[in-house]
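Presented below is the structure to which this report refers.
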Amino acid sequence: MFKFSEISDLCIKCGKCIPGCTIHRVNPDEATSPRGFLDILKGVEEGEIEIDKTFKDTVESCFLCNQCVEVCPNSLPTDFMIENARNLVAKKYGISWWKKAFFFMLRHRWAYDLISKLGFYFQTCGFKIEEEKKSIRSKFSLPILHKGRLLPAFRKTTFLKKYPENIKVSGKRKVAIFIGCMANYNYTEVGDALVKILKFLDIDIFIPKKQACCGAPAYFTGDFDTTEYLIKKNIEYFEEFIDEVEAILIPEATCTAMIRKDWEEYIKHYMDEDWLKRYKKIQSKVFGTTEWLYKYTDLEKRLNKKITSVTYHDACHFGKVFNIKKEPRALISKVAELKEMENPDYCCGFGGITIQSEKFDLARKEGLIKAEMIKKVDAEVVSAECSACRMQITEHLDKVGDKKLFKHPLEIIAEAIDNG
């Protein structure tokens, strides 16, 4: 069993993690506070607490927003502890059939491509298209398709199939794009915008066609077999081109955190030293898009026309994990009037596949808090560098009657480029 006590014993019970804890905000119970989780996990290791349905319900209630890690005086990896606890739950109770089917698609892109194609042509049979938001409203009551939910629609052509593998612009600089599953299948305009910006900057583009899912959905659910399979598959593929590019750009906060942080934690604990060495060479070139564009290009200096007004939401896996906050704001403020919401770093409540299915009541509570916060801001657009946040915020803005459009920072920048 994972040595939970090695981390739990370092908790000084100061309580700094509690005020901003996402789950504690909507379910104020000590058991589901970060320090409560740590005590429970130690109890499991010592045989005082059984891995039963109550334990399963408790550890699956965490949103994995990383707020506790960010503010902890000892920087305790509570998120990593909970992911290991979920692995214990998965080993005892198994993983539901529909999650296994989804993780199969993550392992095998041909299957995801097929479902995406079928989804595009048949989604109108079971869903109502929301044209303005380019989303679909569910008429069913399946695990993740709760009746009345607003979900992103599949696109006719995925991002990875829309462009050639190599896009030569100047031959002076070259980067690769790791697109992420939601931006590949649902929000393809994000990748379109990144391609446009890189062309504007005269940077050659490599779009790795054999890239696989980063593994985040499986990892956060406790499916470590799928997680390790995807880590190895991606590392082996990245090694084929890593020396030819100066960076791997990822327009998704969760994918960036998974590849740049969570892979390292997993490899150190569950894989051998050789994999860690191979991974380290790749890790040094992985960046979130606005972070890299701000630090390593002159994009900020070349933007000078404000086209809209924006309020920016700090996606947890950028703001809390990497403190990437000033970079997107610096770029956005060159092309838009930036209007801050009250608490931009409050988690939107997406929380992962389990929160979005079995525990959607928790996601709804947090989503409505965030939506009401956004609604108060007099801005045309709400933005975040995360497709999961996009899905959650779009749905809950609809619930509170706010007509703001959600746009990725890259989309706003690309529109400004189009407008001169």
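The values are calculated or read from the model by the stated rules, or taken from the named source; none is laboratory data. What you see is a predicted model, and the numbers here were worked out from it, not measured in a lab. Positions of Cβ are backbone-derived with ideal geometry, glycine not excepted, and every protein chain shown enters the neighbour counts.
Worth pointing out:
- Residue selected from the range 213-241 under the condition surrounded by fewer than 24 Cβ atoms within 10 Å (Cβ to Cβ) and of a type in the set (Val, Ile, Thr), by the criterion nearest to LYS281 (Cα to Cα): ILE235
- From GLU372, GLU395, GLU415, residue being free of Cβ contacts under 8 Å to residues at least 60 places away in the same chain, of a type in the set (Asp, Glu) and part of a helix (DSSP H, G or I): GLU372
- Flag for THR256 being crowded, with 18+ Cβ neighbours inside 10 Å, part of a helix (DSSP H, G or I) and either among the polar types (S, T, N, Q) or at pLDDT 95 or above (or both): yes
- When ASP79, ASP57, ASP52 are checked against the criterion of being of a type outside the set (A, V, I, L, M, F, W, C) and under 19 Å from THR227 (Cα atoms), a single residue qualifies: ASP79.
- The conditions of being surrounded by fewer than 18 Cβ atoms within 10 Å (Cβ to Cβ) and either under 17 Å from the mean Cα position of the chain (by Cα) or not assigned by TED's automatic domain parsing to the domain that holds CYS316 (or both) are met by GLU244.
- Criterion (surrounded by 21 or more Cβ atoms within 10 Å (Cβ to Cβ), among the acidic types (Asp, Glu) and in contact with a strand residue (DSSP E or B) (Cβ under 9 Å, 6 or more places away or on another chain)) met by exactly one of GLU337, GLU327: GLU327
- Boolean, ILE179 is of a type outside the set (Asp, Glu), not assigned by TED's automatic domain parsing to the domain that holds GLN392 and not in a strand (DSSP E or B): yes
- The range 1-29 residues that are free of Cβ contacts under 8 Å to residues at least 24 places away in the same chain, paired with ones that are in a loop (DSSP other than H, G, I, E, B) and of a type outside the set (Gly, Ala, Ser) (beta carbon under 7 Å, 6 or more apart): HIS24/ILE18
- Residue selected from the range 32-84 under the condition among the small types (Gly, Ala, Ser) and over 18 Å from SER5 (Cβ atoms), by the criterion surrounded by the fewest Cβ atoms within 10 Å (Cβ to Cβ): SER33
- Of GLU337, GLU366, all but one fail to be within 19 Å of the chain's Cα centre (by Cα) and charged (D, E, K, R); the exception is GLU366.
- Among residues of the range 266-288, those that are under 17 Å from the mean Cα position of the chain (by Cα) and within 26 Å of ARG86 (Cβ to Cβ), counted: 2
- If the condition is being surrounded by 18 or more Cβ atoms within 10 Å (Cβ to Cβ) and of a type in the set (Gly, Ala, Ser), then the range 9-30 contributes only GLY20.
- Single residue of the range 377-420 satisfying the filter (under 25 Å from ASN27 (Cβ atoms) and touching an Asp or Glu at 6+ places or on another chain (Cβ under 7 Å)) that is surrounded by the fewest Cβ atoms within 10 Å (Cβ to Cβ): VAL400
- Being part of a helix (DSSP H, G or I), within 27 Å of HIS396 (Cα to Cα) and at pLDDT below 95 is a property that PHE103 lacks.
- Subset tally (residues that are out of contact with any strand residue (DSSP E or B) (no Cβ under 6 Å at 6 or more places or on another chain) and within 29 Å of GLN392 (Cα to Cα)) for the range 251-286: 14
- Any hit, the range 306-314, residues being touching a Cys at 6+ places or on another chain (Cβ under 6 Å), outside any loop (DSSP other than H, G, I, E, B) and of a type outside the set (Ser, Thr, Tyr): no
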